[in-house]
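Participant: Below is one structure. I have some questions about it.
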Amino acid sequence: MKKYATVDPTSGNVVQEFDSMTDTEVAAALKRSHDAYRAWHMKDLAERCALLQRIADLHRQHSVDLAKLMTLEMGKPIAQAKTEVELSAAIYEYYATSGEKLLADEELEIAGAGRALVRTAPIGPLLGVMPWNFPYYQMARFVAPNLLLGNTILLKHASNCPQQALRIEEIIRAAGAPEGVYQNIFATSGQVADLIASPELQGVSLTGSERAGSAIGATAGRHLKKCVLELGGSDPFLVLPAADVQKAASAAAAGRFGNAGQACTSSKRLIIDNSKWDSFLDAFLTEASKWEAGDPMSEDTRLGPMSSLQARAELAEQVDDAIAKGATVHLGGKIPDGQGAYYPATVLSRVTPDMRAYREELFGPVAVLHRVNTVDEAIELANDTPFGLGSAVFTNDEQQAAYVTDRLEVGMVGINTTIKSAPDLPFGGVKSSGIGRELGKYGLNEFANKKLVRTI
Ligand code: NAP
């Protein structure tokens, strides 16, 4: 099979294959990006905003066919796929409508005579390397702020999303992007490394695994290129003594089983105070049972297949390892009969540090429940992970919420909510979850030249 291919996760069948680009084609794409940058960053801001608004409008106009392609290529239930298309549209629209405010010069208060201001300027051609789990949304977080700034984009999608990659390129062109401003590339890892090394390329943004992050980060470092890394997570979800258990249980189930558990900010580790253990376990198992697997093209399906048979096999190995070492299975935990990459909603407890499921990211519909006796024990367990992306803290005790917030080693804390991405909220993590932020004004500043203008 070729590297870039649509493989239907409901059957494992190869639907369509695509050729990777040659080195010459990749080099030509970089040259077009570099040439296009000269004119693009000098265009009126209003023109760049208008392009973003048209991209948003076209997402909405083609929502159903965009969503169907996502469901076909990575198995996301169609209703969740449509929600993702709308969120992506909202991101383009946010930067279209807030562009002027976000890019306004910042006047500095200075001790010396005259004036000093900071202008937010672009830096040049950029490369985005994107994952398959939210194909349109992940790219929107990178593409929208950078087209607004005046940067130009080469975009490498995950190899299992080629049809979406081509369709979204068509949409951006149809919206009126000039030649070379946005280009899809079907590139190999070696070509990605060569691009990062090229003097014309000014930065790279990766959303993906730690493995890809350390490879791309190392290449970027070697060639002194700015990089943003949005990597994995193993988000803690804390249910404290003053929690509303029912509210927490349904948020935890949605947070863990949405997108078949294949989200960086899925609620992967549920940490429950002893006083709430029995009631939470009951409520959570009831909620988890509602996440029955089905045909992802059906509007009623909440749990589709995982993205591939290989991804399912990796998850099953992690779960089997935990079970073999003594974990308790409350729900699921076995690959079902039949074709496709289906894995049932699974709930485990008594997961200990000697099990892979304790420390590794579980990238599928598997919830791990831990029981703790104190709030400090909950915090210690929450931080006992290489990751530091999102978190959720369920409690109606505001003081306790503030105490926990200050002690969690994460990039995002939700109080009585899981982290839900929005165009104007910064998104990102610490520790092995990555470097940098996306969305809002923070995302816009990552690949900006904060140019000082001093006037005497
Ligand atoms: P992945 O295997 O790392 O792939 C991500 C992208 O990187 C793909 O386009 C992949 O290309 C490419 N890639 C992989 N290794 C590379 C290398 N050495 N050089 C250049 N490119 C390389 O991750 P995934 O399985 O698609 O995504 C799941 C991971 O992403 C999870 O860990 C998840 O938590 C994380 N994620 C993080 C965030 C966040 O915002 N923090 C958001 C979403 C997902 P190929 O497909 O061609 O291999």
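Participant: What residues qualify as long-range amide H neighbours of Leu303, i.e. H under 5 Å apart, gap of 5 or more or another chain, H built at 1.01 Å from N?
Facilitator: Glu292, Gly294
Participant: Right, next: Please compute the length gained on full extension between Lys431 and Glu86, using 0.36 nm multiplied by the number of residues separating them and subtracting their Cα-Cα distance.
Facilitator: 121.1 nm
Participant: Please list 3J(HN,Hα) in residue order for region 192-205, calculated via the Karplus relation 6.51 cos²θ - 1.76 cosθ + 1.60 where θ = phi - 60°; whole Hz, with x for glycine and proline.
Facilitator: Result, rounded to whole Hz: 4, 4, 5, 4, 4, 6, 5, x, 5, 7, 9, x, 9, 10.
Participant: Next question, about the same structure. In vacuo Debye scattering of region 282-371, one point per C-alpha: log10 I(q)/I(0) at q = 0.11 Å⁻¹?
Facilitator: Evaluating at q = 0.11 Å⁻¹ gives log10 I(q)/I(0) of -0.30.
Participant: What residues qualify as long-range amide H neighbours of Asn396, i.e. H under 5 Å apart, gap of 5 or more or another chain, H built at 1.01 Å from N?
Facilitator: Ala242, Ala243, Asp244
Participant: To continue, here is another question. Residue by residue, what Karplus-based ³J(HN,Hα) values in Hz, rounded to whole numbers, does region 313-327 have, using 6.51, -1.76 and 1.60 with θ = phi - 60° and x for Gly and Pro?
Facilitator: 4, 5, 5, 4, 4, 5, 5, 4, 4, 5, 5, 4, 9, x, 5
Participant: Using the scaling law 2.2 N^0.38 Å as the reference, what is the normalised Cα Rg of region 235-423?
Facilitator: 0.97
Participant: Rounded to the nearest 500, what is the 222 nm mean residue ellipticity of the chain from helices alone, with -39500 (n - 2.57) per DSSP H run of 4+ residues and division by all residues?
Facilitator: My calculation for the chain gives -13500 deg cm²/dmol from helical runs alone.
Participant: While we're here: Let me know the shape class of region 16-57, please: from the alpha-carbon gyration tensor, a ≥ b ≥ c as square roots of the eigenvalues, rounded when a/c is under 1.5, otherwise prolate if a/b is greater than b/c, or oblate.
Facilitator: oblate
Participant: So, one more: Taking N as the number of residues in region 299-351, what value does Rg over Cα atoms divided by 2.2 N^0.38 Å take?
Facilitator: 1.18
Participant: Could you work out the Rg to Rh ratio of the chain, with Rh taken as the Kirkwood radius (inverse of the mean 1/r over all Cα pairs)?
Facilitator: Ratio of gyration radius to Kirkwood radius for the chain: 0.99.
Participant: Something else: Once all Cα-Cα distances of region 417-456 are split into 5 Å bins that start at 0, what whole-number percent is in each one?
Facilitator: That works out to 6, 20, 19, 21, 13, 8, 6, 4, 2, 1, 0, in percent per bin.
Participant: Looking at region 85-144, which GluC sites (Glu not before Pro) are DSSP coil and have at most 14 other C-beta atoms within 10 Å of their C-beta?
Facilitator: Glu109
Participant: With an 8 Å cut-off on Cα pairs and a minimum separation of 6 or more residues, tell me the relative contact order of region 235-423 in percent.
Facilitator: Here the relative contact order equals 28 percent.
Participant: I would also like to ask the following. Between Val14 and Glu398, what FRET efficiency comes out of the Förster formula 1/(1 + (r/R0)^6) with R0 = 51 Å and r the beta carbon distance, rounded to 0.05?
Facilitator: So the FRET efficiency works out to roughly 0.40.
Participant: Neighbour counts of other C-beta atoms within 10 Å: give me Met139, Met412, Met1 arranged from fewest to most.
Facilitator: Met1, Met412, Met139
Participant: Which peptide among 255-266, 360-371 comes first, and what is the full order, when sorted by highest mean count of other Cβ atoms within 10 Å?
Facilitator: The densest-packed peptide leads the list: 255-266, 360-371.
Participant: Something else now. So if each residue of separation counts as 0.36 nm, and I subtract the Cα-Cα distance between Ala46 and Val453, what length gain in nm does that give?
Facilitator: So the extension gain works out to 144.3 nm.
Participant: Return the lysines within reach of Lys247: Cα separation strictly under 22 angstrom, same-chain partners fewer than 8 residues apart disregarded; answer none if there are no such residues.
Facilitator: Within reach: Lys268, Lys276, Lys290, Lys420.
Participant: Additional query: Could you work out the relative contact order of region 59-165, using alpha carbon pairs under 8 angstrom and six or more residues apart, expressed as a whole percent?
Facilitator: 29 percent
Participant: For the chain, what is the relative contact order in percent, using Cα pairs closer than 8 Å and at least 6 residues apart in sequence?
Facilitator: With pairs under 8 Å counted, the relative contact order is 19 percent.
Participant: Filter the GluC sites (Glu not before Pro) in region 246-313 down to the DSSP loop ones having no more than 15 other Cβ atoms within 10 Å, then list what survives.
Facilitator: For GluC sites (Glu not before Pro) across region 246-313 that sit outside H, G, I, E and B with at most 15 neighbouring Cβ atoms in 10 Å, the list reads Glu292, Glu299.
Participant: If amide hydrogens are placed 1.01 Å from N in the peptide plane, which non-local residues have theirs closer than 5 Å to the one on Leu331?
Facilitator: Those lying under 5 Å, H to H, from Leu331 are Val347.
Participant: Trypsin sites (Lys or Arg not before Pro) within region 151-208: which are DSSP loop residues with at most 15 other Cβ atoms inside 10 Å?
Facilitator: For trypsin sites (Lys or Arg not before Pro) across region 151-208 that sit outside H, G, I, E and B with at most 15 neighbouring Cβ atoms in 10 Å, the list is empty.
Participant: Please figure out what share of the DSSP beta bridges in region 235-423 is antiparallel and state it in percent, rounded to the nearest 5.
Facilitator: Here the antiparallel bridges make up roughly 15 percent for region 235-423.
All of the numbers you see were taken from the coordinates with simple rules; none came from a lab. Computed from a prediction, not measured in an experiment: that's the story for all the values here. Neighbour counts run over all protein chains shown; Cβ positions are idealised from the backbone, glycine included.
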